[in-house]
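Have a look at the structure below before the remarks.
Coordinate-derived values only; no laboratory data. Keep in mind that what you see is a predicted model, and the values were worked out from it rather than measured. Here the Cβ positions follow ideal geometry from the backbone for every residue, glycine too, while neighbour counts run over all protein chains shown.
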Amino acid sequence: MTAVRELHEAVTKAALKTFEDFCGLVPTMKLDERHVKASFSAAVSVAFRKPASGVFIMTLSGDLPEAIAAGLTGSQDFTPQTRDDAVSEVANIICGASGCHQLRPPVTALGISGGFNPFADVSVSIGFEGGRADIFLFLDRKPKN
């Protein structure tokens, strides 16, 4: 099995476990038309340096940012900052659990566009009742000296 394939499996497993265990979000069995057409509402990126250098990007559609915050805080009453912090924390958990380490602080953006990225080394899409999460890993291709 190639290193990229192993990383894909690690990201998928970490994402499913994190969304279910920390946020109480159970994935749908497959992506359907409502997932594909869902508007993207948030994104977070996390740079990492081990085992390789690169960037982890997670985009969310629909009300997933709010569902993540509710799952992590146990409350439906939270501030926009708490929501952003919750999304960042979930990205950190997934990235770290995937085997990527020496993380940089996450950067969150709201109101972005997302979806499939053909240039990502790893691409994982997971559907939920309230939207879709897409996770991309881009590995640096710098030549070693």
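Which order do His8, His101 fall in if you start with the one that has the fewest other Cβ atoms within 10 Å?
Going from sparsest to densest Cβ surroundings: His101, His8.
Hey, can you grab everything whose amide H is under 5 Å from the amide H of Asp121? Only 5+ residues off in sequence or another chain; H modelled, so Pro and N-termini drop out.
Leu137, Phe138, Leu139
Put a dot 7 Å past each Cα toward the Cβ at Thr82 and Lys50; how far apart are the dots in nm?
Computed distance between label sites Lys50 and Thr82 equals 3.5 nm.
So if I average 1/r over every pair of distinct C-alpha atoms in segment 1-125 and take the inverse, what Kirkwood radius in Å does that give?
Final number for the Kirkwood radius of segment 1-125 is 14.9 Å.
Taking only DSSP H segments of four or more residues, each worth -39500 (n - 2.57), what value at 222 nm results for the chain once the sum is divided by all its residues, to the nearest 500 deg cm²/dmol?
That calculation yields -12000 deg cm²/dmol at 222 nm.
Over the chain, with a Gaussian network built from C-alpha contacts below 10 Å, which listed residue (Gly130, Gly74, Gly62) shows the highest mean-square fluctuation?
Gly74
Less than 15 Å Cβ to Cβ from Thr28, Lys/Arg counted +1 and Asp/Glu -1: what total charge do the surrounding residues give?
Spelling it out: positives minus negatives among the neighbours equals -2.
Taking amide H positions as placed 1.01 Å from N in the peptide plane, with prolines and chain starts having none, which residues 5 or more places from Ala47, or on another chain, fall under 5 Å of its amide H?
Phe56, Arg104
Could you give the length gained on full extension between Glu9 and Phe22, defined as 0.36 nm per residue of separation minus the Cα-Cα distance, in nm?
The Glu9-Phe22 span can extend by a further 2.7 nm.
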